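Trainee: Handing you this structure, nothing more for now.
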Amino acid sequence: MRVSYAIFAVSAAMLALAPSAMAAPYSGNLGTATYQGVAKYTSDYSASWDDVACEKSANLPSLPKGNIAALNLAQYGSEHSSSVNCGVVVQVTGPKGTVKVQIVDAVGGQRKGDLVLSKDAFAKIGTLGNGIEKITWSVAP
């Protein structure tokens, strides 16, 4: 009995010290829900600290070169400050496919669930000529 207890205690201690095999993705306050909305794109949308609402932070230490998104104000918060959702990577699915984008900005005039994507990201989920597509999205795994 004493030996099996010692083995159990050592095993439990090793598990407590072992790093998590799967860290949960950073989800801001978006959680695990799947959202529905529309995606639009803008051809001149590029990531620059002077042009996005998000500030440099632990969740967004640098701006991605492509595949960026602006989140609607209902889910982002104030467009005049950084949001807990800055830096969250979301997986967007449209009629042509799926793409992962990183939230770096806010956009007004949209409803909850809506996103504005960079042109390259939009082209992966929809037809550029349409300019707008129905989408579903959630925090990327």
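The values are calculated or read from the model by the stated rules, or taken from the named source; none is laboratory data. Being a predicted model, the structure only gives us computed values, none of them experimental. We place every Cβ from the backbone using ideal geometry, glycine too, and count neighbours over all the protein chains shown.
Trainee: Taking the condition of being part of a loop (DSSP other than H, G, I, E, B) and under 15 Å from the mean Cα position of the chain (by Cα), how many residues in the stretch 24-46 meet it?
Mentor: The number of residues fulfilling the criteria is 11.
Trainee: For the stretch 83-109, which residues satisfy the criterion of being small (Gly, Ala, Ser) and under 15 Å from residue 27 (Cα atoms)?
Mentor: 83, 87 - these are the residues of the stretch 83-109 that are small (Gly, Ala, Ser) and under 15 Å from residue 27 (Cα atoms).
Trainee: Filter the stretch 23-58 for residues that are farther than 25 Å from residue 96 by Cα, in contact (Cβ under 8 Å) with a residue 40 or more places away in the chain and aliphatic (A, V, I, L, M) and give the result.
Mentor: Those that are farther than 25 Å from residue 96 by Cα, in contact (Cβ under 8 Å) with a residue 40 or more places away in the chain and aliphatic (A, V, I, L, M): 52, 53.
Trainee: May I pose another question? Inside the stretch 58-92, can you point out the residues that are part of a strand (DSSP E or B) and either hydrophobic (A, V, I, L, M, F, W, C) or surrounded by fewer than 18 Cβ atoms within 10 Å (Cβ to Cβ) (or both)?
Mentor: Those that are part of a strand (DSSP E or B) and either hydrophobic (A, V, I, L, M, F, W, C) or surrounded by fewer than 18 Cβ atoms within 10 Å (Cβ to Cβ) (or both): 68, 69, 70, 71, 89, 90, 91, 92.
Trainee: In addition: Filter the stretch 128-141 down to the residues that are under 21 Å from residue 59 (Cα atoms) and outside any strand (DSSP E or B) and list them by number.
Mentor: Result: 140, 141.
Trainee: Can I ask one more? May I ask you to list the residues in the stretch 33-56 that are more than 16 Å from residue 122 (Cα to Cα), modelled with pLDDT of 90 or more and not hydrophobic (A, V, I, L, M, F, W, C)?
Mentor: 34, 35, 55, 56
Trainee: State which residue is surrounded by the most Cβ atoms within 10 Å (Cβ to Cβ) when the search covers only the stretch 99-127 and only residues that are part of a loop (DSSP other than H, G, I, E, B) and modelled with pLDDT of 95 or more.
Mentor: Going through the qualifying residues, I end up with 126.
Trainee: In addition: Residue under question is residue 140, and the condition is that it be under 21 Å from residue 32 (Cα atoms), small (Gly, Ala, Ser) and at pLDDT below 95; does it hold?
Mentor: no
Trainee: Return the residues of the stretch 73-88 that are more than 12 Å from the chain's Cα centre (by Cα) and hydrophobic (A, V, I, L, M, F, W, C); say none if nothing qualifies.
Mentor: 73, 74
Trainee: Taking interchain pairs and intrachain pairs at least six residues apart, which have beta carbon atoms under 7 angstrom, with the first residue in the stretch 122-141 and on the phi < 0 side of the Ramachandran plot and among the aliphatic types (A, V, I, L, M) and the second surrounded by fewer than 17 Cβ atoms within 10 Å (Cβ to Cβ) and in a loop (DSSP other than H, G, I, E, B)?
Mentor: 125/96; 139/25; 139/32; 140/25
Trainee: Name the one entry in 69, 74 that is within 21 Å of residue 34 (Cβ to Cβ) and without any contact (Cβ under 8 Å) to a residue 40 or more places away in the chain.
Mentor: 74
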